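Only one structure is covered here, and it is reproduced in the block below.
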Amino acid sequence: MKLIVQNAIRAQIGLASKARLTPLRLEGLRKVGGVDVAYSDPIAAAAYSELDLVTGQTNSLTRITRVLVDYIPGLLSFREAGPILCVMREPPALPDVLLVNGHGMAHPRLCGLATHLGVVLDLPTVGVAKSLLGPLTSTYNRLFARKIGNLYVTPGNRVSIQDCEDIVNRLPLRHGYPEPLGSAHDESRRALKAELRKES
């Protein structure tokens, strides 16, 4: 499906206007979710993993869908949100906060994937990425991106910048990502490989 760029940009601006940069009460935080998507066009494998901070248990779900939107820089959320929203229908309840493999407000229009999902789901979201979108000196990166080790964290919706740092710093790492995002990263790739074997 060809994405109409100007319509997508207008949608991002509208979503960004609804995003909230507000503190999250971390004292009662228990369920942390993580989402990621792996691709081999036209197949998308989305994974949702959830870590229970009390028990330490992590559970994962995957969903195979078709890629409906071409990749356009700065508009990744329109490619990845669909598969993620499909897998997010499966859990019986939404997490207290969702880690997203992508950007949040550290985006030219303040609406990366974490913000897009956070507004649509009305959920606290944190963007986690291994690189910045655009130069470090850009206003949106200076205001909203913080570096933790080899990662950049950015608020998506209903969290503060300090919350992003505090949440990621308290989580264990798996393959370079905070849990349960590391599990979602692994599970999405595992599901994609299994689907490709079935189709070959």
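Lysines within cross-link reach of K130: Cα-Cα under 21 Å, excluding same-chain residues under 8 positions apart? Reachable lysines: K147.
Relative contact order for region 5-199: what is it in percent, counting Cα pairs under 8 Å that are at least 6 residues apart?
Numbers: 438 pairs, mean separation 51.2, N = 195.
Relative contact order, region 5-199: 26 percent.
3J(HN,Hα) along region 59-71: 10, 9, 10, 10, 9, 9, 9, 9, 6, 9, 10, 5, 7 Hz, from the Karplus curve 6.51 cos²θ - 1.76 cosθ + 1.60 with θ = phi - 60°, whole Hz, x for Gly and Pro. For a modelled paramagnetic label at L143, 7 Å from Cα along Cα-to-Cβ, the residues of region 90-124 in reach, with backbone nitrogen under 19 Å, are 103-119. Taking each DSSP H run with n ≥ 4 as -39500 (n - 2.57) and averaging over every residue of the chain yields -10500 deg cm²/dmol at 222 nm.
Residue by residue, region 106-113 carries 3J(HN,Hα) couplings of 7, 7, x, 10, 6, 8, x, 4 Hz when phi is fed to the Karplus relation 6.51 cos²θ - 1.76 cosθ + 1.60 (θ = phi - 60°); x denotes Gly or Pro.
Think of each Lys and Arg Cβ as +1 and each Asp and Glu Cβ as -1; about the Cα centre, that makes the dipole of the chain roughly 400 debye. Listed values for region 12-17 are Karplus-derived 3J(HN,Hα) couplings in whole Hz (6.51 cos²θ - 1.76 cosθ + 1.60, θ = phi - 60°), namely 4, 4, x, 5, 4, 5, and x replaces Gly and Pro. Shown for D41, D163, D52: other C-beta atoms within 10 Å of each C-beta, ranked fewest to most, produce the order D41, D52, D163. For region 170-200 and region 52-130, what is the separation of their C-alpha centers, rounded to whole Å? Distance between centres, Cα-based: 14 Å.
Computed from the coordinates by the stated procedures, all read-outs in this text should not be read as laboratory data. What you see is a predicted model; the values in this text were computed from it and never measured. Please note: Cβ atoms are built from the backbone with ideal geometry, for glycine as well, and neighbour counts cover all protein chains shown.
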